[in-house]
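Notes to accompany the following structure.
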């Protein structure tokens, strides 16, 4: 565990590299685009995602996968969910059998509806040591050293604790959990609700509306999670409610911003094409909608966000249809 390799040079991967380096961990940061990773190495700044934040000289920034992985006890996969399957085969033959693979992506694969840990197993084998990290962790805040908390999860609590011990520091508090399903689903599904929160913001709605979106959004996230084998209480924790609150209110939230753009009348396809950043909630909305249909779980907010993104439904019509649904008993 004396070396950590981070695959993915986005904001979250870079922020983790900064925090680990500060702890004295030997850390390598790898990115798929060779020209850009060399630019980060030369300037010691990730100008696309963390402009103005200095990366310590001790972080080894490299476009070469084999040296980055060599000797790494933990490999953090900070690659957007829709690209992860394309990258994983490159690890075969260069990844040590004993390395712990830690998913830092928050999404559900569109084609297979797999969580990221399931995707890793599908490509690299079920005998791998796999964990995931999630929680309220806006990258720029973590990079600046503002106090933050996340959860390290694995089906093996001992393995989760190993990851916890390596990542934890005075600026990043890490909890452990053996509810891998719940932690991964909370991190993925909250992005859909954040898009709804952004739409609400752009339409000029207030705190009452935002509270309703968060509360009922968490209810449908929990319903789907429990139906898929997660523990209900996990969604009341950092990877559920905690991450949901952050993503729905932060001015740095990509998904909330995406919702704002939708609320202003822009089409989803045009927004995606105009930004370099990956908005995980876009593909996750389709995946979650399909999962809800497959399993038979009622997810009205998710369904309506799906209609806005993929059916070009008017956000104002969405609000009306959600508010005029048949009366319900409140279930959490």
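The values are calculated or read from the model by the stated rules, or taken from the named source; none is laboratory data. The model shown is predicted, which means the values in this text are computed figures rather than measured ones. Heads up, the Cβs are rebuilt from the backbone with ideal geometry, glycines too, and the neighbour counts pull from every protein chain shown.
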For helices (runs of 4 or more DSSP H) lying entirely in the range 233-284, having 1 or more residues that are touching a helix residue (DSSP H, G or I) at 6+ places or on another chain (Cβ under 6 Å), under 15 Å from residue 138 (Cβ atoms) and modelled with pLDDT of 95 or more picks out 243-249, 254-263
Within the range 72-84, the count of residues that are touching a helix residue (DSSP H, G or I) at 6+ places or on another chain (Cβ under 7 Å), surrounded by fewer than 20 Cβ atoms within 10 Å (Cβ to Cβ) and part of a helix (DSSP H, G or I) comes to 1
Residue pairs qualifying under the 8 Å Cβ cut-off, at least six apart or on distinct chains, with the first in the range 220-237 being in the same structural domain as residue 150 (by TED's automatic domain parsing) and the second being at pLDDT below 95 and surrounded by 17 or more Cβ atoms within 10 Å (Cβ to Cβ), are none
Please tell me if residue 104 is touching a residue at least 40 places away in the same chain (Cβ under 8 Å) and either in contact with a strand residue (DSSP E or B) (Cβ under 8 Å, 6 or more places away or on another chain) or closer than 29 Å to residue 244 by Cβ (or both).
yes
For residue 112, are the conditions met, namely being in contact with a helix residue (DSSP H, G or I) (Cβ under 9 Å, 6 or more places away or on another chain), outside any loop (DSSP other than H, G, I, E, B) and surrounded by fewer than 20 Cβ atoms within 10 Å (Cβ to Cβ)?
no
Hey, does the range 304-320 have a residue that's crowded, with 17+ Cβ neighbours inside 10 Å, touching a residue at least 40 places away in the same chain (Cβ under 8 Å) and outside any helix (DSSP H, G or I)?
no
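Of everything in the range 85-101, what is within 19 Å of residue 13 (Cβ to Cβ), exposed (fewer than 14 other Cβ atoms within 10 Å of the Cβ) and touching a residue at least 12 places away in the same chain (Cβ under 8 Å)? Give them in sequence order. Walk me through it before giving the result.
Quick first cut of the range 85-101, residues within 19 Å of residue 13 (Cβ to Cβ) only: 85-88, 90-91, 94-95, 99-101.
Narrowing the set further to residues that are exposed (fewer than 14 other Cβ atoms within 10 Å of the Cβ) leaves 86, 94.
Listed by number, the list holds a single entry, 94.
Which one is farthest from residue 277 (Cα to Cα) among residues in the range 144-166 that are touching a helix residue (DSSP H, G or I) at 6+ places or on another chain (Cβ under 7 Å) and surrounded by fewer than 24 Cβ atoms within 10 Å (Cβ to Cβ)? Give the derivation first.
Filtering the range 144-166 for residues touching a helix residue (DSSP H, G or I) at 6+ places or on another chain (Cβ under 7 Å) gives 148-155.
Subsequent filtering for residues that are surrounded by fewer than 24 Cβ atoms within 10 Å (Cβ to Cβ) retains 148-149, 155.
On the way: 148: 22, 149: 23, 155: 31 Å.
Going through the qualifying residues, I end up with 155.
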